[in-house]
Every structure is written in structure tokens, then in C-alpha cells.
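Accompanying notes for the structure given below.
The values are calculated or read from the model by the stated rules, or taken from the named source; none is laboratory data. In this text, all values refer to a predicted model and were calculated from it rather than measured experimentally. Here the Cβ positions follow ideal geometry from the backbone for every residue, glycine too, while neighbour counts run over all protein chains shown.
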Amino acid sequence: MTTLSAEREIEHLMTLHPKGFDLSLDRVTRLLERLGNPQDRLPPVIHIAGTNGKGSCAAFSRALLEAAGHLVHVHTSPHLVNWHERYRLAAEGGGKLVEDDIFAEAIARVAEANGGQKITVFEILTAVTFILFSEHPAEAAIIEVGLGGRFDATNVVKRPAVSVIMPISMDHEAYLGDRVELIAAEKAGIMKRGCPVVIGAQESDTALQVLIETAERLDCPTVVYGQDFLAFEENGRMVYQDEDGLMDLPSPRLPGRHQYANAAAAIAAVKAAGFEISHRAAEKAMTHVAWPARMQKLTQGKLVDLAPKGAEIWLDGGHNPGAGIVIAEALAEQEEKNPRPLVLISGMINTKDQTGYFSAFKGLARHVYTVPVTSSDAGVPNDELALRAEEAGLSAEPVSSVASALMLLRDSWDGPAPRILIGGSLYLAGAVLAENGTPPT
């Protein structure tokens, strides 16, 4: 496979600058000043923070705006297979991943402006977002926070059209704090005085209280899930409700009941940002939305061919206890409609609560194959991960790879074709999509 020139630029940066996060806005602010402050020349920005559901909200927001005929830029992170996935540039008929030569040129320009100063690669790549989004025409820019909110490099946008806070739960405790109210305070850091705020469905009343109090202190017009808008299932469809009334819509194409709340947050966000969304556009968005590695059904590819005949294979990058709960609920829903034995193939990294994630699947999963996450230095050894799954009350065994787990299942399976969830890490999900030959487009 040819190494793309943008990838070579990023690999070079990785050798110059430290890995990981160093939460502060000083370095990125200095760099953006040298670049002429492109972040001040963006179309209306929908800025999205939260622990879970950020990417889904971004995907729904994009689908809604594009269905309404708008040109939309989208920045998400992390990527799954290629760095280019982080930058979707507006185009007629729907945004396209950034072309390699445009991407490489923007990286080189930003690196040159940085002049070898101390910085993280994420900060350079965030500056690339602002360069790309300010130089290509669009009517909206959807920007997902990388980590936290207050000190995330994306948080230099002074007047977002709307700040969105998706569900908050425990994650990245080393950076954000070990209590949910501390994490909520970090996420609330993207709110800007007087700018609209949308608060998505929160599992923690404590987090919700922190978010509402912050928004009130900053005089932000605020709409809150469950209070000012909501979504629910009725007759196999999704009903969205807010002060403007009801919208009876198709069930979202992204599986799982949690996606109703994510879709609702996106509708509320797009409206709060000042865009009109017709019933017809909302219908189209629900049936066209796409978001790889979030309860993505794999139906073809090299890995799929290794599985037991007739197996149903799902891929999800969720990696914390909150994600475990919504994924388990989505699979329980599938179980009700079409019963099959559930098997997990899981890999995780060591900054996550592995036992907490697995606990959600107790009584639902028949067995867990644990695999190493070779694409991250922080991957948990597969034998250690099997112990974490057993601590959560699951039957587990370590195997060398996803391919090995699928072949082992194929050779030993007896009974109805299984339902297989490959998950626990976005690194693992990306590696699976690459090996399967089905990278995001």
C-alpha cells in the first residue's frame, strides 16, 4: 500500500513532537496567530463535546444539514484507518474526505508556521482543520472536541453557533478528573457567553446540574434533553418533540435506542444554530446517516469471510462503561427481534475501565475472546483482558487476533449462527476495518 504524502508529513511530525495530550490553549493560540487566525473565519460552527455520542451527533448533524441542501465541513477524531477521515470538506451532493495533496500542503504550511516550537501533533492537526475549513467555502462547520473541552485545541472558536454537550460519563480520568462533576465542568468549558447551548441526554443528574448552572452563569440560551426536547420510539418509528411540535420520523439508520437521543440532540443543535430543518430533510437524514464503527454491521470483507456461516457481525469502537451499557442494550434489542447466541471479540487499552465495560454484557454474552490491540502502545495484553472479563462475570479466553477468534468460532461452532460483537476500542475497530478491506469513505 502506498504511503500517502499527508501520512508521511504526520509521521515526520510524530518524530519531532511528543505523543499524547498536553491540555492547554497557549501553544495552539500562538500558532493560529502566526497563521492569521483562520478559526475566526469559519462558517457557523456546531461545536460538540461529551464522553459518548459526540461522533454520532456530528454524523446526524451533517446528515440533517446536507439533507436540507447545505454545504458542510466536518472535523471528527480520532480516525479509524486514515488520518484523512478527520477532515470532511463540503461538496455538492455531500462532503468528501480531504484529498491527499490538499491535506499534505496544509500540514506542511502549519508545521512551517510553528517553526519547531513545542507543540503536540493534535494541536498542529487542529490548526490544519481551521486552515482547511476557512479556505474552502461552506455554510456550516461541525467540529468535534478531541478530549475534554475547556483546554481542548478546538476550543479557540470564540462564537460558536451552538455548543453541544453529549452524554457525560467516566473516561480519561487522568486528564479530566475522577468525579463526574469534574468531567462535566471540563466539557462545559466549550460554552461561550451568550451563545446557544444544547445539552443532550445525561445519565448523571450531577453532570446535568453542572452543565445547566454553567450555561446559566454564561447567559447562554439553553435547550435540555428531556425538558425542552426529546425523542421516543412509537410503532417502530422515532418521534422528535420540541416547542415547535412533533416530527414523526423513520428510525435512525444507526442501530440502538441510544441513537434516538443522539439524533434528537443533533436536530436541536442544528435548529439552535439557526438552520431550518423541514420534516422531509429530517426524514432523509435519519435514513442516510452513516457513522463507521458505531454498531456497524459488517456484511462483506476478508474478516467476514472467516466467520461461521450465517454469522451476524457488528463492530463498535465504544470503550468505557457508559458505552458498554448502550451497546449491550442495542444488542439486547437485536436479541428480542432475532434471538442468536452472542459472542464478544474484545480488545481494549489500559486507560479504560475494562471490567466496567464488560459488566454491561453479563447475562447477555455467551463467551468473550480477548485480543491484543497491536495498533496502540497502550493495548492491554489479551491474557490480562480475559481476567478483566472474568471479573465481570463472563466466560473468557485470550486469542492472538480477531482473525484467529473468527476461525476458532467457525471451526468449533455448533448450533444457530452466532451474533458477534467486535469491540472495546476505536484502535481495534480501525484495525478491523483496514484488515477487512472496508475503510471509511
Cβ-Cβ under 8 Å pairs, at least 6 apart or on other chains, segment 331-343 side in contact (Cβ under 8 Å) with a residue 40 or more places away in the chain and basic (Lys, Arg), far side in a strand (DSSP E or B) and surrounded by 13 or more Cβ atoms within 10 Å (Cβ to Cβ): ARG340/GLU312; ARG340/ARG419
In segment 294-320, the residues that are under 20 Å from TYR357 (Cα atoms) and among the charged types (D, E, K, R): ARG294, ASP316
Test: residue in segment 301-308 that is over 20 Å from the mean Cα position of the chain (by Cα), of a type outside the set (S, T, N, Q) and under 23 Å from ARG253 (Cα atoms): yes
Conditions (1) touching a residue at least 60 places away in the same chain (Cβ under 8 Å); (2) crowded, with 20+ Cβ neighbours inside 10 Å; (3) touching a Gly at 6+ places or on another chain (Cβ under 8 Å): number failed by GLY324: (1)
Filter result (hydroxyl-bearing (Ser, Thr, Tyr) and within 23 Å of the chain's Cα centre (by Cα)) within segment 267-300: THR287, THR299
Hits in segment 336-378 - residues which are of a type in the set (D, E, K, R) and more than 14 Å from TRP314 (Cβ to Cβ): GLU336, LYS352, ASP353, LYS362, ARG366, ASP377
Residue match in segment 77-94 (condition: under 17 Å from THR287 (Cβ atoms) and among the basic types (Lys, Arg)): no
Any pair with Cβ under 8 angstrom, 6 or more apart, that starts in segment 52-72 at a residue that is under 16 Å from GLY274 (Cα atoms) and ends at one that is among the hydroxyl-bearing types (Ser, Thr, Tyr) and not in a helix (DSSP H, G or I): ALA68/SER278
Which numbered condition VAL164 fails, given (1) modelled with pLDDT of 95 or more; (2) hydrophobic (A, V, I, L, M, F, W, C); (3) not in a strand (DSSP E or B): (3)
Selected residue (only one of GLU33, GLU66 is loosely packed, with under 14 Cβ neighbours inside 10 Å and either under 22 Å from MET191 (Cβ atoms) or modelled with pLDDT of 95 or more (or both)): GLU33
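Tell me the residue from PRO255, PRO250 that is surrounded by fewer than 22 Cβ atoms within 10 Å (Cβ to Cβ) and within 28 Å of SER359 (Cα to Cα), please. Show your work before the answer.
Working: PRO250 fails: within 28 Å of SER359 (Cα to Cα).
On inspection, the qualifying residue turns out to be PRO255.
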Given (1) free of Cβ contacts under 8 Å to residues at least 60 places away in the same chain; (2) crowded, with 18+ Cβ neighbours inside 10 Å; (3) hydroxyl-bearing (Ser, Thr, Tyr), number of the condition SER346 does not satisfy: (1)
Every pair of residues 6+ apart whose Cβ atoms lie under 9 Å, when the first sits in segment 238-265 and is assigned by TED's automatic domain parsing to the domain that holds ALA59 and under 15 Å from MET166 (Cβ atoms) while the second is assigned to a loop (DSSP other than H, G, I, E, B) and among the basic types (Lys, Arg): LEU254/ARG294; GLY256/ARG294; GLN259/ARG253; GLN259/ARG294
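Going by what's in this entry, would ILE46 be described as over 28 Å from GLU186 (Cα atoms), touching a helix residue (DSSP H, G or I) at 6+ places or on another chain (Cβ under 9 Å) and not small (Gly, Ala, Ser)? Can you show your working first?
Values: over 28 Å from GLU186 (Cα atoms): no; touching a helix residue (DSSP H, G or I) at 6+ places or on another chain (Cβ under 9 Å): yes; not small (Gly, Ala, Ser): yes.
No.
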Residue match in segment 398-406 (condition: closer than 23 Å to THR299 by Cβ, surrounded by fewer than 16 Cβ atoms within 10 Å (Cβ to Cβ), in contact (Cβ under 8 Å) with a residue 40 or more places away in the chain and more than 27 Å from the chain's Cα centre (by Cα)): no
Verdict on HIS84 being closer than 20 Å to LEU132 by Cα and crowded, with 23+ Cβ neighbours inside 10 Å: no
Residue satisfying all of: in segment 363-380; touching a strand residue (DSSP E or B) at 6+ places or on another chain (Cβ under 8 Å) and over 17 Å from LEU406 (Cα atoms); surrounded by the most Cβ atoms within 10 Å (Cβ to Cβ) among these: VAL380
Extreme residue, surrounded by the most Cβ atoms within 10 Å (Cβ to Cβ), among residues of segment 425-441 that are in contact with a Leu (Cβ under 8 Å, 6 or more places away or on another chain) and either outside any helix (DSSP H, G or I) or β-branched (Val, Ile, Thr) (or both): VAL432
